[in-house]
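Structure first, commentary second.
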Amino acid sequence: MKTARLAGLAMLVFALLASCAEPPHEAIDAARAALEAARRDPDVALYAPDALRAAEERLAALQAETAAQQRAMALLRTYDRATALAADAKQAGESARSQAASAKRQAGIEASALIESAATSLAALEIKAGQARRLRGIKLDMSSVIASIVEIRGMLESARSDLASLAYASSRAKAAAAGARIGALD
C-alpha cells in the first residue's frame, strides 16, 4: 500500500514538474534578435540572401517545434529540441551577417580588379583606334568608336563612384558591363 502511495505521489510530482516545463524564452528571443539584425542589414539581402533564407527557415522550425510542444500533453512536454533549434537559429542569423560581410569584401575586391582591367583594356583600345584612324584603306566610323569610348569612360567612372561609396555589387556589375562593352568594341 505504501508503495502504491509513493508511486502515486511520485507520478503527481512528475506531472507537476512536467507541467511547469516552459519554452526557452531567452534562447528564442536571442534567435529572433539575431534574425531581425540580419533582416535589417541591407548587405545581407544583397550579398547573402541564401544564408538569410536558411536562417528564416531555422526560426520557422523553432516556432513549429515550440508550438508542437505547447499542444502536447503537459506530462509529455519537453523543450530540449526547441532549445537546440533556438541555438541553431541564432547561429544562422549571425552567420548570415558574417557571410554578407565576407561576400561584400569579396565583391569590393572583384569590382576593383574589374575596374582596373577595364581601364587597361580601354587604354589599349584607344591606342588601337588612334592607329586605325591613321591607316589608309580602313573604313571605320570613328565618330561611333569615339562615342562608344566616351560612354565606356562614363561607365567606368560610375563604377569607381560606386566603389568609393561602398556599393560594391553595383560597382562590380558596372565594371563588368564596361569590360564586355570594350570586348565587343575591340
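So, for the range 23-108, what is the accessible surface per residue at a probe of 1.4 Å, expressed in square angstrom? Let's see the in-between values first.
Numbers: 4740 Å² over 86 residues.
With all protein chains present, the range 23-108 gives 55 Å² per residue.
Translational diffusion coefficient of the chain (Stokes-Einstein, Kirkwood radius from Cα pairs, 25 °C, 0.890 mPa s): 115 µm²/s.
Cα-Cα pairs above 13 Å in the range 51-105: how many percent? Summing the P(r) of the range 51-105 above 13 Å gives 60 percent of all pairs.
Taking only the alpha-carbon atoms of the range 102-186, what semi-axes of the equivalent ellipsoid follow from 5 times the gyration tensor eigenvalues under a square root, in whole Å, largest first? Numbers along the way, then the final one.
Details: eigenvalues 176, 22, 14 Å².
After diagonalising the Cα gyration tensor, the semi-axes are 30, 10, 8 Å.
Here, the range 15-122 yields an orientationally averaged convex hull projection of 7.1 nm² when only Cα atoms define the hull. Determine, at each q value in 0.26, 0.29 (inverse angstroms), the log₁₀ of I(q)/I(0) that the Debye formula gives when each Cα of the range 19-82 is one equal point scatterer. Treating every Cα as an identical point scatterer, log10 I(q)/I(0) equals -1.05, -1.19.
Report the net charge of residues surrounding residue 43, where surrounding means a beta-carbon distance below 11 angstrom and charges are Lys +1, Arg +1, Asp -1, Glu -1.
Summing Lys and Arg as +1 and Asp and Glu as -1 gives +3.
The values are calculated or read from the model by the stated rules, or taken from the named source; none is laboratory data. Bear in mind the structure is a predicted one, so any value in this text is a computation, not a measurement. FYI the Cβ positions are ideal-geometry reconstructions off the backbone, even for glycines, and counts take in every protein chain you see. Accessible surface is based on the protein model in full, side chains and every heavy atom, while ligands, DNA and RNA are left aside. Shrake-Rupley method; radii C 1.70, N 1.55, O 1.52, S 1.80 Å.
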